1. Using the number of other C-beta atoms within 10 angstrom as an exposure proxy, rank Phe102, Phe129, Phe41 with the fewest first.
2. When the dipole is taken about the Cα centre of the range 109-175, and only Lys, Arg (+1) and Asp, Glu (-1) are charged at their Cβ, what size is it in debye, to the nearest 20?
3. Please compute the length gained on full extension between Ser243 and Lys209, using 0.36 nm multiplied by the number of residues separating them and subtracting their Cα-Cα distance.
4. My understanding is that a pair violates if its Cα-Cα distance is over 29 Å; which of Lys67/Lys209; Lys120/Lys438; Lys104/Lys399 do that in this structure?
5. Output ³J(HN,Hα) for the range 404-411: one whole-Hz value per residue in order, computed from phi by the Karplus curve 6.51 cos²θ - 1.76 cosθ + 1.60 with θ = phi - 60°, and x for Gly and Pro.
6. Determine, for Lys71, Lys45, the number of other Cβ atoms within 10 Å of each Cβ, and report the residues in order from fewest to most.
7. Taking the Cβ of Asn143 as the center, what net charge do the other residues with Cβ under 11 Å away carry, scoring Lys and Arg +1 and Asp and Glu -1?
8. Residue separation times 0.36 nm, minus the C-alpha to C-alpha distance between Lys92 and Leu39: what's the value?
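Every number here is computed from the coordinates shown, using simple stated rules; none is lab data. Since this is a predicted model, take the numbers as computed values, not measurements. So basically every Cβ, Gly included, is an ideal-geometry build from the backbone, and we count neighbours across all protein chains shown.
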Amino acid sequence: MKTRRDFMYGLGSSIGSIAFTSMLARQAQAYPGPGAQALHFPEAKAKHCIFLYMEGGPSHMDTFDPKPKLKDLHLKEFTREGAEQSAMSSGKRYYVQSPFDFIKAGESGADMCTLWENLKDCADDMCFFRGMQVDSVNHPTANYQANTGNQFGGDPGIGAWVNYGLGSENEDLPGFVVLPELAQPQGGAANWGNGYLPTSFQGTPLRPKGSPILDIKPPKGITAEHQRKNLDFLAKLNERHASWHPEHDDLVARMKNYELAYRMQTEVPEAVNIDGESEKTKEMYGIGQDPTDEVGRRCLLARKMVEKGVRFVQLYVSSWDSHDYIEKAHGSLIPRVDKPIAALIKDLKDRGMLDDTLIVWMGEFGRTPDNGVRSGGTAYGRDHNPDAMTVWMAGGGCKAGHTIGATDEIGATAVENVHHVRDFHITLLRMLGLDDNKLTYFHAGRFKQLSQFGGTVIEDLIG
């Protein structure tokens with residue numbers, strides 16, 4: 001027996017109601033989603049994005065934003081008012097100089113610490129931004145804000161928005177792929193979730209070891225024909241159930257995911273197989289070498305994903321949270337990522353793909369110029385800093401060969417071309433041809449967007 005609710009939904013089957021519903025759907029989903037052909041900004045150069053996320057908060061003044069002033073202040077007492085004393089008593093905070101030397105790289109003279117032995121060759125393809133700020137000093141909430149625009153989680157990841165806006169160029173692969181480490185980042189899978197968008201837009205994580213996706217191969221004795229018949233039968237049952245409950249759009253998304261999973265069984269094994277790559281390519285990424293093998297494999301996989309038409313690939317590298325022993329911590333992390341990331345830029349450039357592939361490198365916040373000092377001053381590091389951080393981009397129409405914005409003389413706060421992370425998000429969307437104010441989704445009574453409530457495009461970052 002049908003309920004009153006079923007009857008009311010049934011009224012929507014008339015021609016006029018269908019037309020009205022279609023009009024509302026286009027209005028609510030301002031951008032047409034998968035397979036979209038039109039862009040809000042047709043002149044945009046980037047068609048794909050590889051988002052290199054350095055979880056933990058890399059120190060800007062120990063990587064790309066040198067602060068010579070800290071050499072003069074090293075281990076002098078730090079106060080908010082700037083008072084300085086030569087003191088080493090317990091419980092106080094002290095200025096900390098960088099343990100690394102810096103060079104001017106490329107014709108652009110980009111600042112890089114000397115540990116970037118390979119990336120320095122890519123300096124003129126990179127755009128450094130020193131003016132970004134965030135709100136939180138806590139890892140989970142800062143991760144959520146950097147990845148979703150919302151400190152409290154539950155909103156779509158930036159990759160989900162791009163997937164929603166552009167869709168995948170390859171219907172046999174997801175539009176948004178995530179390459180995590182064995183341990184998930186703080187905040188977990190919500191960093192790449194779909195939030196209130198349909199589930200088909202969420203990030204699809206590929207496992208770093210073993211089979212990238214569990215059960216990607218059918219069981220023994222089950223042919224593709226068997227699976228196709230089973231899916232067709234299941235689809236009939238689901239379609240009938242969906243017609244009875246049109247208010248539940250999750251079922252439609254689940255049906256789409258079943259079909260995508262079936263197609264992925266053919267496409268994924270070849271897409272994630274790096275054995276066919278030349279030995280020269282593997283060596284360039286540091287595969288089979290220590291300490292670059294693991295990150296190198298994932299950087300190469302990121303290139304293969306965008307080559308196959310995936311719109312947004314997010315790659316995580318953790319352990320940048322250096323509260324102490326920063327020389328040892330950053331000193332081991334930078335060599336781990338330097339060669340693979342440089343290879344990714346060079347490989348895309350050699351293949352003619354860098355122009356339309358935007359690479360982004362960032363963490364959830366920067367670091368402070370001071371910290372408590374332990375063990376007689378040998379174990380110093382840095383605390384979390386939401387007021388100053390460096391991010392960089394390469395390819396995809398960024399203003400290559402430039403450094404935009406600046407921090408103060410000790411790296412404590414951004415002072416030039418200062419922008420909140422929401423403005424950076426809006427700028428990334430713009431570089432991919434999307435308008436944050438038009439890329440909206442109707443949820444909980446209002447149209448929602450990545451920036452939450454709008455912002456400003458950072459025009460200086462766009463070439």
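1. Result, fewest neighbours first: Phe41, Phe102, Phe129.
2. 340
3. That pair, Ser243 and Lys209, stretches by 8.1 nm at full extension.
4. Over 29 Å apart, Cα to Cα: Lys67/Lys209; Lys120/Lys438.
5. 10, x, 7, 10, 5, 5, 10, x
6. Lys71, Lys45
7. Here the charged neighbours net out to -2.
8. 13.7 nm
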